[in-house]
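*Asks:* Dumping the structure here so I can ask a few things about it.
FYI, it's all coordinate maths here, none of it is from the lab. Note that this is a predicted model, so its numbers are computed, not measured. Cβ: placed from backbone, ideal geometry, glycine included. Neighbour counts: every protein chain shown.
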Amino acid sequence: MADSHHHMLLISFASAPAARPAYEEAVGLPGLQQAAVLERSPEGLLDVPESHVAGAGVTTAGAGLAGGLLGLLGGPIGVFIGAAAGVALGNAAEEGWAQEGGAGMIMLSSRVEDGAALLIVDLRESDPQPADDLARRHGGTLQRLTAKEFATQVRAAERAAG
């Protein structure tokens, strides 16, 4: 198997409607972890009309199941309490990841001009060609950052804002 690289793809579109078909196709890219569309109306209002997280809810459900299984030692009440605690911990983990993603979206919002859109794709890719082809087919301008570079930019923006 080829080496995979964790990248953040930022695909800019001059018009907001052009990003939607590209998003639909991006959700099927191999190695996709997350995808979202940021649109800015001609009046300057920002919207996130589309977003997808691969495996969303898996951590919460898995932690609930594990807690329930551990709770078997305490009987029926133990199962209930263990499952509830597991779900709470799993949900807290997913919420933390969502907050990190939100900070990235806030940072990227400044790149979206009025009437335009930005497709953000977080993926592990072993071959850049599928994403390159997607951007070309839909008339987008692609910028590829390593996940590490992107995280550094987000942290710098958070420090500047704080």
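*Asks:* Within the set of other residues whose C-beta is less than 14 Å from the C-beta of L38, count the net charge using Lys and Arg as +1 and Asp and Glu as -1.
*Replies:* Numbers: positive: R20, R40, R111; negative: E39, D47, E50, E113, D114, D122.
Every neighbour counted, the sum reads -3.
*Asks:* Another question, then. Please give the peptides 35-48, 136-149, 13-26 ranked by average Cβ packing (other Cβ atoms within 10 Å per residue), highest first, as a rough proxy for protection.
*Replies:* Details: 35-48: 16.1, 136-149: 14.2, 13-26: 18.1.
Ranking, from highest mean packing down: 13-26, 35-48, 136-149.
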